[in-house]
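Participant: Can you keep this structure in mind? I'll have questions shortly.
Just so it is clear, none of the values below were taken in a lab; they were calculated from the coordinates. Here the structure is a predicted model, which means the values were calculated and not measured.
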Amino acid sequence: MVELDHSFSTGKPTDYNWDAILDLDRLIPCVQGGKVVERTSPTAAKAEIKVKMGAMSMTFAGTVEVVEQDDEGHRALLKVKSREVGGQGHANADVAIDLNDGGGTIHTAAQITGKAASMGEGVVVSVLDGLIKDFTQRLGQI
């Protein structure tokens, strides 16, 4: 289990950020290499992400779902479940987003198995950290 905490600033009002967080069609492409494959409900989508880890590139396919949302407190919990396409591994994560005016915090608890995990925790942490930092920058641009 890898756990990471990030704070971010978008410079946008909380209501704008909240709408963006809950709109998976806008949110998922904020993850570098991420795309929505199909919306399955207002709070869930099938998605894919292409991840570069060192010299290796992997594609993960799965679901992203908003499993908890507190509209008043502007807090949401997203559950990501994915499998490595053509491989044995998976990457699952609980992503807790807590918004405040102009930004917020993200707590990520990820479980990675397979080829990605075999690269070592340092590489996994570095790649996840980079993805989340890039995500928060892109979030401010949507």
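Participant: Checking the table 46/79; 12/52; 52/81; 12/133; 50/133; 12/46 against a 21 Å threshold on Cα-Cα, which pairs fail?
Facilitator: The pairs that break the limit, which is 21 Å between Cα atoms, are 12/52; 12/46.
Participant: Among (1) 7.6; (2) 9.1; (3) 12.8, which is the computed mean projected area of the Cα convex hull in nm²?
Facilitator: Matching entry in (1) 7.6; (2) 9.1; (3) 12.8: (1).
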